[in-house]
1. Report every pair of residues separated by at least 6 positions or lying on different chains whose Cβ atoms are under 9 Å apart, first residue within the range 3-24 and at positive phi, second at pLDDT below 80 and β-branched (Val, Ile, Thr).
2. If the Cβ limit is 9 Å and pairs must be 6+ apart or interchain, which residue in the range 33-54 that is touching a residue at least 60 places away in the same chain (Cβ under 8 Å) pairs with which residue that is exposed (fewer than 10 other Cβ atoms within 10 Å of the Cβ) and not in a helix (DSSP H, G or I)?
3. Would you confirm whether any residue within the range 79-86 is surrounded by 10 or more Cβ atoms within 10 Å (Cβ to Cβ), among the polar types (S, T, N, Q), out of contact with any Phe, Trp or Tyr (no Cβ under 6 Å at 6 or more places or on another chain) and part of a helix (DSSP H, G or I)?
Amino acid sequence: MAQAQEQPMEPQFFSDLNTRLMDIEEKQRLLKDRVILIGRNLVEEREKTFKDIQEIKKSVMKLENESKEIKDLLQRIMEQIDNTARKEELMILQRQFDLFRKG
């Protein structure tokens, strides 16, 4: 009698097992799709970040070059200022010249 009761349950057991298996396969497909989507987004974000970094590097290099040019220009101006006479020095020379002319 125990065997008679088990036989009708076997088709239902396999049906439940098949349904569970299909559910698991569907979940696996959904997870696979999500992983693929996340992977694509990650690659796109990485490429965007790489481009941004390259642009920032170019900007930094440009700023460094401009800074060097400004430093060089300031250095040349400082050298020229050191080589030129100051107003006070010119006044002293003018007085001496006037003294020689009068004297």
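The values are calculated or read from the model by the stated rules, or taken from the named source; none is laboratory data. Owing to the predicted nature of the structure, the values given are computational and were not obtained by experimental measurement. Heads up, the Cβs are rebuilt from the backbone with ideal geometry, glycines too, and the neighbour counts pull from every protein chain shown.
1. No pair meets every condition.
2. none
3. No.
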